[in-house]
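These notes are about the structure you will find just below.
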Amino acid sequence: MAELDFERRLERLFGEAPALADDEAFAERVARRLDRGWTARRWLIGAAGVAGGLIGASQLLLSGLFHRMEAAGSSARTLSTGLTHTAPAEWISTLPSGGVVVWIAVAVAIVMIGFVLTRVIEEI
Amino acid sequence: MASGRKLRFAQMHDLELCAQAVTGERAAFGELVRRHAPAVRGLLRRMGARAAEADDLAQDAFLAAFERIAEFRGDGTFAGWVKRIAARLYLRRLQRERRLAGMIEAPPLEAGRAEVEGRIDLDEGLKALSAAERLCVSLCFGAGLSHGDTAEALNLPLGTVKSHVKRGLDKLRARLASDGRPVAEGSPGDG
């Protein structure tokens, strides 16, 4: 029993924080380091975004996207012409075709990449 | 505006501040630092860290706590959680700098060296312990680690840790008993 009392007493003594003269200065130093880390992280995220955008844009240009889009446009027009002859319903011919579809797909892909990047950055 | 926020945070409970900090609210975490930094710095000094080293480690512990604040579930106190982080950081540093083995093997100090003008308190009492005893007692009673966790953290056999704790407690008991001063009840700062 006395043993337990002493151990509790010791825990209380350990819980008593010693008075240190520079407590406020210490808290400010921690706050500054937190702010510095936060600013660095924001710069890092921004830089990663710019780098990702540049890489993405260069990849799009280098992969001959615009030639493919033209080819896809003509294919879509051919397909659309074929569909008007074969489609039993009229609504199919009202779907956007050609370059518009490609642009929509590109926009959706960019949004998806942005979403994935955001999640990855949050996880980091 | 900023002082109003500061005042609002000052009135919040630790758990509310932690919830705010999880959302990235650094001012809320700053309030937690203000409240508990003395306890964390004190523990590191009691474990044997020099003042500058203790402050350095305490800063690292609070930054690590902010990074991992979402992991704090409120099972224990926030102060206890940060103290454990700080204690482990200190042990890691001792191991990295190959100081831990030397500390553990160092012989105990001569009894009576810690006494200053007849006044004995915990800090003075701890000085009479060997480095290993001081580490074990501080980890168990200051950081709230179990004997098993302490043995794991120090990479020592459980029996050795229990022996260090027992010898340390015996020395402290003798000193604190001879002190004769009443011990303050309900220590602040662990909220």
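Checking A:Arg41 against (1) more than 7 Å from chain B (Cβ to nearest Cβ); (2) in contact with a helix residue (DSSP H, G or I) (Cβ under 7 Å, 6 or more places away or on another chain); (3) under 17 Å from B:Gly24 (Cα atoms), which single condition isn't satisfied? Every condition holds for A:Arg41 apart from (2).
From the list B:Ala101, B:Ala49, the lone residue that is free of Cβ contacts under 8 Å to residues at least 12 places away in the same chain and more than 12 Å from every other protein chain (Cβ to nearest Cβ) is B:Ala101. Counting the residues of region A:8-31 that are more than 7 Å from chain B (Cβ to nearest Cβ) and part of a helix (DSSP H, G or I) gives 4. Those helices (runs of 4 or more DSSP H) of region B:1-83 in which 2 or more residues are among the basic types (Lys, Arg) and either at pLDDT 95 or above or over 23 Å from B:Leu94 (Cβ atoms) (or both) occupy B:2-10, B:26-47.
For the residues B:Pro107, B:Pro188, B:Pro182, the requirement of being more than 21 Å from the chain's Cα centre (by Cα), modelled with pLDDT under 85 and within 14 Å of chain A (Cβ to nearest Cβ) singles out B:Pro182. So, of the residues in region A:8-30 that are within 44 Å of the chain's Cα centre (by Cα) and hydrophobic (A, V, I, L, M, F, W, C), which turns out to be modelled with the lowest pLDDT? Only one residue tops the list, namely A:Ala17.
The values are calculated or read from the model by the stated rules, or taken from the named source; none is laboratory data. No experiment lies behind these values; they were computed from the predicted model shown. Here Cβ is always computed from backbone atoms with ideal geometry, including for glycine, and neighbour counts include all displayed protein chains.
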